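The values are calculated or read from the model by the stated rules, or taken from the named source; none is laboratory data. In this text the structure is predicted, and so the values were computed from the model without any measurement. Cβ placement follows ideal geometry from the backbone for every residue including glycine, while neighbour counts extend to all protein chains displayed. Heads up: the accessible areas ignore ligands, DNA and RNA and are worked out on the full protein's heavy atoms, side chains in. Shrake-Rupley method; radii C 1.70, N 1.55, O 1.52, S 1.80 Å.
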Amino acid sequence: ACALAGRRVRRPFATTVGVLGDWTRPLAGAVAATCTFGSLYYSEAVGYVPCQLCWYQRYAMYPLVAILALGLWRPARTPTRILGLVVALVGAGIAGYHWLVERIPSLADATACSVEVPCSVPWFTRLGFMTIAWMALSGFLAIGALLVVEAVGARTRPPSSAKLERSGSPEVDAS
């Protein structure tokens, strides 16, 4: 039964890896850049003052743009993938906690939020649950998922394409 369930999970995941291919890192970088510009838009253009937990989320999201961009350089792929995944998971933890603080305000007593800008009050709510903290959580989880897909793709890639990746150009057969 476990083998059957494993096969059912692996097949769609392999399809996802095959479809996304080498686009996982640029997509993760695009998500990080969109989240970064979105947070800057909300604070600078709209005038929302970030709370303490929002700042912690920004501390995790802003460096992800640079980390993922650096990872486009081939020799830095694996170290930046690991670092990016760790930062995305830490950011997801903070954003998830922030979203819970918005839902259960009594949790705010345990945080270092200020009275002027409380962490328990969302600036807006869409669809009954979507707040800025939820959007940050979604961004962190999307980045993490894309980096996991990239790691699985790197492990399952056939040796010929790994050789092509290292050399940068296809080998031409002289015969």
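Of the residues A66, A95, A32, A88, only one is more than 16 Å from S138 (Cβ to Cβ) and small (G, A, S); which? Checking each option against the conditions leaves just A66. Are any residues in segment 128-153 modelled with pLDDT of 70 or more, farther than 19 Å from G38 by Cα and open to solvent by 50 Å² or more (accessible area, probe 1.4 Å), and if so, which ones? Those that are modelled with pLDDT of 70 or more, farther than 19 Å from G38 by Cα and open to solvent by 50 Å² or more (accessible area, probe 1.4 Å): A145, V148.
For segment 29-55, a tally of residues being part of a helix (DSSP H, G or I), touching a residue at least 40 places away in the same chain (Cβ under 8 Å) and open to solvent by 30 Å² or more (accessible area, probe 1.4 Å) returns 5.
When segment 71-88 is examined, which residues are found to be surrounded by 16 or more Cβ atoms within 10 Å (Cβ to Cβ) and either more than 24 Å from E150 (Cα to Cα) or among the hydrophobic types (A, V, I, L, M, F, W, C) (or both)? Result: L83, L85, V87, A88. For segment 158-174, the condition holds for at least one residue, the condition being that it is touching a Pro at 6+ places or on another chain (Cβ under 7 Å) and either at pLDDT below 90 or of a type in the set (D, E) (or both). Scanning segment 100-117 for residues that are open to solvent by 50 Å² or more (accessible area, probe 1.4 Å) and either in contact with a strand residue (DSSP E or B) (Cβ under 6 Å, 6 or more places away or on another chain) or at pLDDT 80 or above (or both) returns L100, R103, I104.
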